[in-house]
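K.L.:
First the structure, which I've put down as structure tokens, then a few questions once you've had a look.
Values in this text are rule-based calculations from the coordinates and carry no lab data. Worth saying up front: this structure is predicted, and the values here are computed from it rather than measured. All Cβ positions, even for glycine, are placed from backbone atoms using ideal geometry, and neighbour counts span all protein chains on display.
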Amino acid sequence: MKKYAPETEAEAEDSDFNPLTAEEAQEWRRRNPPVSPWRVVGGQVLVGSVVSLLAWLVSGKAHVGWSAAYGALAVVLPAALFARGLARQQAAPHAGAAMVGFFGWELAKLMLCIAMLAMAPKLVAGLSWLALLAGMVVTMKTYWIALLMRRSGVRKTD
């Protein structure tokens, strides 16, 4: 591995960056396993189902539950598309291609979500925008739950 000298004296003083050795990188990967995007999507399906059921039970109106379910679906379907796209492009030839693919799938995810929201009034009878928004927000926050579970499940061996 090549080490590059700082170009200026100020850069040398400000730089606290020390590249990891191969062994340190391997140990870091062992202690911080990646979270499968499919596990997050599965969690979103579960949370979206619970939110829509609660919306229906609390309001006593089926259309409120369907609105919350559609809000959750407007998060889950684009997330599944994104996960599928990223899984198919894991063998990218270089980092630049991987970044372009990542942003391309993120754009597709965003466009699908916007299209689903635009179609909501036509697809959900008696649409409750508040319930739809609640379903979306709570389902989106599943990412944070997955990150917190990942951090709590990893043992520190320092």
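K.L.:
Return the ratio Rg/(2.2 N^0.38 Å) for region 35-151, where Rg is computed over Cα atoms only.
P.N.:
On the way: Rg = 15.7 Å, N = 117, 2.2 N^0.38 = 13.4 Å.
After normalising by residue count via 2.2 N^0.38 Å, the value is 1.17.
K.L.:
Follow-up. Ordered by packing density, taken as the mean number of other Cβ atoms within 10 Å over each peptide's residues, highest first, how do 62-69, 81-88 rank? Each step should come with its number before you reach the end.
P.N.:
On the way: 62-69: 22.2, 81-88: 15.4.
So the order, starting with the most tightly packed, is 62-69, 81-88.
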